[in-house]
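The values are calculated or read from the model by the stated rules, or taken from the named source; none is laboratory data. Please read all numbers here as calculations on a predicted model, not as lab measurements. Don't worry about glycine lacking a Cβ; one is built from the backbone with ideal geometry, like all the others, and counts go over all protein chains shown.
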Amino acid sequence: MRVFVGVKRAVDYAAKVRIQADKKAVDISNVKMAINPFCEIAVEEAVRLKEKKVAEEVVAVSIGPKQAQEVIRQALAMGADRGIHVTTDMRVDQELQPLAVAKIMAALTGEHDPSAWLLGKQAIDDDSNQVAQMLAGLLDWPQATFASEVEVSEDKKSATVTREIDGGLQTIEVPLPAVISADLRLNEPRYATLPNIMKAKKKKIDTVDAASLGVDLAGQIEVLEVSEPATREAGSKVEDVDALLAKLKADGLL
Amino acid sequence: MASTSAAGSDITGFTRELFMGRLNSKFMHPFPEPKEEDLETLKMLVDPFSKFMENENDAAKNDRECAVDEAVKESLKPMGAYGMMTPEEYGGVGLDHTGYARLVEVVGAHDLGLGIHLGASQSIGYKGIVLYGNKEQKEKYLPKLASGEHVAAFCLTEDGSGSDAQSIKTRAVPADDGSGDFILNGGKIWISNGGLAEVFTVFAQTPQPDGKDKMTAFIVERGFGGITNGAPEKKMGINCSNTTTLNFDDTRVPAANVLGEVGGGFKVAMGILNQGRFGMGGALTGTMKTCMKYAAAHAAERTQFGKKIGEFEMIQGKLAGMATRLYATESLAYAIAGNMDRGVTDFQMEAACGKVFSSECAWWVADETLQILGGLGFMREYPIERIVRDLRIFRIFEGSSEILRLFVALYGVKAAGDDLKPLQKALKNPLANLGAIVGPAVSIARARIGAPEKPSLDFAPAQLRPAADVVEDCAARLGAATRELLLKHGKGIVDRQLPLERAASAAMEITAATAAIARATRAVSRSTDTAALEVSLANGFALEAGQRVRALIRDMTPSSEAGTTIDPLRRDIAKSVIAAGEYPARHPLGF
């Protein structure tokens, strides 16, 4: 089976972000970018499926500007076989929105015939958590979101997926092809090794212009304003526990 | 990435020229850098490697337990950390010098002891096989060494032989069965990885046809027999690296395991050390950046007398001194690595400067960090005390600061002497060679009255003129002072270590300052976001270094107060100390 994995290039989780002067977006001109952590988990899962000989081919797909190739290379270094780079100059953290991403992925699906899409459940830049669901809808495939465990049946016709839901764990079975989105505890991604990064340079990345796929890329949502979280107010010190309780009560917190 | 081009092969070294009052700016400017695609690859390598070091390696635990955690070592093997520069065809990562410097910077930022464990294997332990091994030796040894399945050790130092490497006593004599094998006997001390290594690069005296001994390098496997190592030494720092004695008792080494040529061992040893030295600048840059983080955070957070201590000028002075030294060290480290990558072969003096400069700046930076942190810095919960302990050895091993200063000064002085030869020859027969005398003599005279032929860093943009002016002035002064020293002492200069020490220190500072200027020049020409800051760092370093260098050069000349009075005094005092075997003065109370 062939597994497609989505890899998004997002602001690094540890980076300190600033807002653009026009307050319309985060300033990403000089910020450290990295593979979206949930996408990294999806890549790891796909590579493990390959190592278990369940998947024959793992294809890493990223949509974005030239630098999106960096995260594809990272997926290749982790063990993906080849990459597809869908090029667009739209900002993927807000201009190119989940529905358009899902449409691009649906268009690629028709052409490449994967047995599954493995996606991160959400990206840490826009926190949308919509692409997997929309893609399943567009393809009319079953969806298994927030996966914390994935087991593909021996005949590769279905997958048993454990989902993290509010009340605990839910185990479902979905026929393949399906869309699966990875939650935080699905696995711990490996560190790409230096030799594998060197080898990844030689793996193939195909480039497709997003505009050539015949899908509507226009956004459905307009960003009105982006603002920084309120800064934390200074705390105050109290003498003892009694004073603490009194203060909490006075502030209506107890 | 190991795309060594021949483009730079005609570029000669920078530091030697300084002793003749010249600035060979081609070495530094344009500041060497990898090709765009190599940079992209390197960027990809740095990220996971940094995350691994950050999340998986616990330097404090390694230090406490005096060993690198086994799980970390196991993870580092597939990571490629044991064979970063080993060619890909032998299973290594195949990095160039710049790439290696950048990755060991990551190691140096986290754990110098681990850095020594890794470096002792690849940077010196089996570097000889990469540099001088034949095809069979490379095929046999490199794959297992690059993968970390085996580690290597470099075995030169002996009980009676440290800086004077030629004096080793370990001997390898041809076996009397006519097999061509060698029988190795002797003892080595302070061998990094000595207790862990499977493969050793061993230096031993071998008898020559003329009856004299000459050094030969051998690849020795632990399995050859007769090899024992002592218990791990208890050390001040780099505790997780394994350091032991090593004994060879009738170890039979096949003829095929001679590394390089029989009798060519000294050249092999120096080649390995010269080639490996550049990495230290990279590693220590990382260490200094870690120190800066702690110092900056503490300066911003700690309140005393109602102010953040970073608002006080004394702390600001320290932070600025740390940042400028770091900038100079980093610039020099990457200038050297970049030149090695573009095929420059004349980098030995610069690499020696880089080793001394980086180890001394790192020591200074760590010490100032500890001072800024005050009592906290002294506590085990903070990493600074460990970093200080770990750093101390860097001024001693792989060529001590003293021996490398002599190396730099003597090569510099020799070049200046060769430059003066026509003059000296002419002086022997002055009447016949009037023309030959007049030229140099005039320039010497000019140098004496402070108007030498002006060396130039004409590439520096206006913002960096303050730094460039200092470097130009210092280079001219060093050239003039070296000539004066030579004319006074002639060949006797080799024994005048005090002025030589000053000359080397001056040359090192000028070399580092020029690297900083060249790098800041690039930042200005590209209008990078930190260009203005880099200009300040380069100017700040050069101006401060200039003050030190002018004092050093002033004290270099035979007619100076240092030359006429202070140095003779120091020599006499030292003689008294040695003669007494202790502090020689009478107690102020008389008992």
### Task
Among what's in segment B:497-545 and is in contact with a Pro (Cβ under 7 Å, 6 or more places away or on another chain) and β-branched (Val, Ile, Thr), pick the residue that is farthest from B:Pro568 (Cα to Cα).
B:Val524
### Query
What number of residues within segment A:100-124 satisfy the criterion of being modelled with pLDDT under 95 and either charged (D, E, K, R) or crowded, with 23+ Cβ neighbours inside 10 Å (or both)?
2
### Task
For residues that are in a helix (DSSP H, G or I) and within 13 Å of another protein chain (Cβ to nearest Cβ), tally how many sit in segment B:76-102.
10
### Task
Sort out which residues of segment B:249-265 are part of a helix (DSSP H, G or I) and surrounded by 18 or more Cβ atoms within 10 Å (Cβ to Cβ), and write them in order of number.
B:Asn257, B:Gly265
### Message
If I filter segment A:181-203 down to residues being more than 9 Å from chain B (Cβ to nearest Cβ) and aliphatic (A, V, I, L, M), which single residue comes out as surrounded by the fewest Cβ atoms within 10 Å (Cβ to Cβ)?
### Response
A:Leu184
### Task
Residue by residue through segment B:85-99, note down the ones that are within 14 Å of B:Pro34 (Cα to Cα) and crowded, with 24+ Cβ neighbours inside 10 Å.
B:Leu95, B:His97, B:Thr98, B:Gly99
### Task
Say whether the condition of being among the β-branched types (Val, Ile, Thr) and more than 26 Å from B:Gln463 (Cα to Cα) is met by at least one residue in segment B:543-557.
yes
### Query
Does B:Leu118 meet the test of being among the aliphatic types (A, V, I, L, M), within 30 Å of B:Pro383 (Cα to Cα), out of contact with any Gly (no Cβ under 8 Å at 6 or more places or on another chain) and within 14 Å of chain A (Cβ to nearest Cβ)?
yes
### Query
Within the group A:Lys203, A:Lys237, which residue is among the basic types (Lys, Arg) and farther than 30 Å from A:Leu49 by Cα?
A:Lys237
### Task
Kindly establish whether B:Ser163 is touching a Phe, Trp or Tyr at 6+ places or on another chain (Cβ under 8 Å), touching a residue at least 12 places away in the same chain (Cβ under 8 Å) and of a type in the set (S, T, N, Q).
no
